[in-house]
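First the structure, in the form of structure tokens, and then the observations on it.
The values are calculated or read from the model by the stated rules, or taken from the named source; none is laboratory data. Keep in mind it's a predicted model, so treat the numbers as computed, not measured. Quick reminder, even Gly has a Cβ in these numbers, built from the backbone with ideal geometry, and neighbours come from all protein chains shown. Side chains included, ligands, DNA and RNA excluded: accessible areas come from the protein's heavy atoms. Shrake-Rupley method; radii C 1.70, N 1.55, O 1.52, S 1.80 Å.
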Amino acid sequence: MELTQNPSVLELVRKTAELTTPKEIVWIDGSEAQLESLRKIAVETGELIKLNEEKLPGCYLNRSDVNDVARVEGRTFICSRTREEAGPTNNWMDPDEMKAKLHEILRGAMAGRTMYVIPYAMGVIGSPFAKYGIEVTDSIYVVLNMAIMTRIGTKVLDALGDSSDVILGVHSKVTLDPENRYIVHFPEENKIISVNSNYGGNVLQGKKCFSLRIASVLGRREGWLAEHMLILGIQNPKGEVRYVTGAFPSACGKTNLAMLIPPEGYRKNGWKCWTVGDDIAWLRVGPDGRLWAVNPENGFFGVAPGTSQKSNPNALASTSKNTIFTNVVLNEDDMTVWWEGMTKQPPKGHLRNWKGEVWDGSDGTRGAHPNSRFTAPAENCPCISEEFFKGTGVPISAIIFGGRRAKTAPLVYQSRDWAHGVFVGATMASETTAAATGAVGVVRRDPMAMRPFCGYNMADYWQHWLDMGEKLPNAPKIFNVNWFRTDDNGRFLWPGFGDNLRVLEWILKRCFDEVGADETVIGYEPKPEDINLDGSGVTVETLRALLTLDAESWRENCAGIREYFEQFGDKLPHELREELEALEKAFAE
Ligand code: OXD
Ligand code: MN
């Protein structure tokens, strides 16, 4: 039965059904009874495997198709009216041409299948920040993941009413054909279509598709920012909670920072950290002229390998119930899961790898796929902030950019002002690790960690950032961190993880004028004595080394930035060009 009279929603459902010819249409009302019946069906068809109800209550395992395990950037398109609007960093195709192609793929694609209509909210339903979407899909896996990652059901439709302010999406697994896999955004029409994939990052449309690619366009239009950022609350011994956001490319410890546990000495003194978000932040100007952030999601879609009781106990605890695991190892003896890095050795017992093959780790192959995931409710996280549930936002004191740089960036520095901070974000880069690709140390430019997620021309996006600064009389301060500086033998100089709080403490002190700094050519750096090293095992000499600037690497960095900026031609905001020129001059031989 239809759950709404909203004309835009009804039209989407009618047109999609006509095109894809499903055998039935099911509206997702969000009730536990309906979700439970879907889990039962998924278990019967083998799409989900029920895990041990005592050890992992409400948890399931899914094994994806072996060729459908990650986001497909090469097949992700921004179909704005012109190529220029999408910009040089996005794939583009004429919207009409793309629609014709997708319609052919979708014709009859749901024959014999059930079509589910998922009403979902990004943000707390009814809150001023919330936005609504509909995803029509033929995948139970998508329904059950969206039920964790977003707020779904009748209450969304009630909040939406007759409004046409809704993002309309269609997803079909079709045949999971990688050659015909497309993840497509039509920003002018607020539409998303994804076909031939069932991987979360491609098809949980509330996440990257809506909350970053489409929302970044909405943000530009409406005067706010949709960012690939964690949101963290840091409570000091006085009981004050101050909030930061952080944007980092993948493999830089974003989830760990979002769930940071203070070092022992800090804990004893009353420090505590609160997670507001681990992946996405929507940022608006508040009536007080500060920047306010919400996490529009309702769960964590985290990378499983490497998550352990030691590296991130809060993430592990988040997966203890009502979680869907994808592509991890199954222990058939007690129906629990495992992945590389959870413990040193795989458990004893009858194990199956992510492909479902008998596996014991002795042949040197991995058991879990490197991009295996957990989809876990945020409410499970032991350090989830109470602000997360209110959805009214938290005021941001600092924006932190970062990357993995062996030599170039110091442990931390503060930008001189907002425009310089935008330059720092726009020139973010990370060096590849041996684990990630064959080539080590290749610099990947990833502005604001948004390279795969910005729904319009990156140069216009930087301009939008600059414009936002004008609207923020009490703008957050902008910083850059690098937890990955190495010595000449390639050893990390900084311990990272909980010890990163030592740097965050300095950052927050800077935001509240509680500490001085040394002015350098790249911005403000800490005086070594101002970073608390007690109990860290780091010496002041090492800290000094972490803060040095190697002129040769900065010259190389400038050359890389210049080359990267060239592709944007005249669209590059003059402020960024000028910042680059000043930096080049400062490091000129
Ligand atoms: C990502 C993710 O790819 O969050 O950034 O999954
Ligand atoms: Mn992400």
Please compute the Kirkwood hydrodynamic radius over region 293-332, one decimal place, Å, based on all pairs of different Cα atoms. 11.8 Å
Summed residue charge, Cβ within 11 Å of ASN180's Cβ, Lys/Arg positive, Asp/Glu negative: 0
As a test of reading the structure, rank ARG404, ARG83 by solvent-accessible area (1.4 Å probe, protein chains only), most first. ARG83, ARG404
How much of the DSSP bridge set in region 113-158 is antiparallel, in percent, rounded to the nearest 5? 100 percent
Where does the charge balance sit around ILE49 when Lys and Arg score +1, Asp and Glu -1, over other residues with C-beta under 12 Å from its C-beta? +1
Which of the chymotrypsin sites (Phe, Trp or Tyr not before Pro) found in region 117-176 are loop residues per DSSP with 12 or fewer other Cβ atoms within 10 Å of their Cβ? none
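Taking every DSSP beta bridge that has both residues in the chain, what percent is antiparallel when rounded to the nearest 5?
Values: 62 of 96 bridges.
So the antiparallel bridges in the chain amount to around 65 percent.
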Which whole-Hz couplings ³J(HN,Hα) result when phi for each residue of region 167-174 is put into the Karplus expression 6.51 cos²θ - 1.76 cosθ + 1.60, θ = phi - 60°, listed in order with x for Gly and Pro? 8, 9, x, 10, 9, 9, 5, 6
State the Cα centre-to-centre distance between region 104-135 and region 329-398 in whole Å. 26 Å
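DSSP loop trypsin sites (Lys or Arg not before Pro) in region 419-500 with at most 11 other Cβ atoms within 10 Å of their Cβ, which ones?
ARG491
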Computed on Cα atoms, the radius of gyration and Dmax of region 91-218 in angstrom are 14.1, 41
Karplus 3J(HN,Hα) series, Hz, for region 348-357 with 6.51 cos²θ - 1.76 cosθ + 1.60 (x for Gly, Pro): 7, x, 8, 10, 10, 6, 4, 8, x, 8
Å³ per residue of the Cα convex hull, for region 442-545? 160 Å³
Ranked output for segments 159-167, 184-192, 215-223 by mean other Cβ atoms within 10 Å, highest leading, reads 184-192, 215-223, 159-167
Please work out the Cα center distance from region 568-585 to region 18-49, rounded to the nearest Å. 52 Å
Restraint check, LYS238/LYS407; LYS173/LYS208; LYS99/LYS173; LYS55/LYS348; LYS55/LYS155, Cα-Cα greater than 25 Å: LYS238/LYS407; LYS55/LYS155
Pick out, in residue order, every one of the GluC sites (Glu not before Pro) in region 465-546 that is DSSP loop and has at most 12 other C-beta atoms within 10 Å; say none if there are none. GLU514
Quick one: if the Förster radius is 22 Å, what FRET efficiency do ASP467 and ASP288 give, using the C-beta to C-beta distance and rounding to 0.05? 0.70
In terms of solvent-accessible area of protein heavy atoms at a 1.4 angstrom probe, what is the ranking of ARG75, ARG242, ARG267, highest value first? ARG267, ARG75, ARG242
Computed over the chain, the distribution of all Cα-Cα distances in 10 Å bins, rounded to whole %, is 3, 17, 28, 27, 17, 7, 1, 0
Net charge around MET468, counting only other residues with Cβ within less than 15 Å of its Cβ (Lys, Arg = +1; Asp, Glu = -1)? -1
Would you work out the Kirkwood radius for region 35-105? I mean one over the mean of 1/r across all pairs of different Cα atoms, in Å. 15.8 Å
Calculated from DSSP helices alone, with each H run of at least 4 adding -39500 (n - 2.57) and the total divided by the residues of the chain, [θ]222 nm to the nearest 500 comes to -8000 deg cm²/dmol
Suppose R0 equals 60 Å; then what is the FRET efficiency for ALA111 and THR486 from their Cβ-Cβ distance, rounded to the nearest 0.05? 0.60
What list of ³J(HN,Hα) values in whole Hz, one per residue of region 391-405 in order, does the Karplus curve 6.51 cos²θ - 1.76 cosθ + 1.60 (θ = phi - 60°) give from phi, with Gly and Pro shown as x? x, 8, x, 10, x, 9, 8, 9, 9, 10, 9, x, x, 9, 10
Using every Cα-Cα pair within region 67-159, state what percent have a distance larger than 17 Å. 67 percent
Amide H of ASP279 versus every other amide H placed in the peptide plane: which residues, excluding those fewer than 5 positions away on the same chain, fall under 5 Å? ILE231
Assuming 0.36 nm per residue, please report the length gained on full extension of the stretch VAL442 to ALA545 beyond their Cα-Cα distance. 34.8 nm
Membrane-span-like helices in the chain: DSSP H runs reaching 18 Å or more (Cα, own axis), mean Kyte hydropathy at least 0.0? 7-20
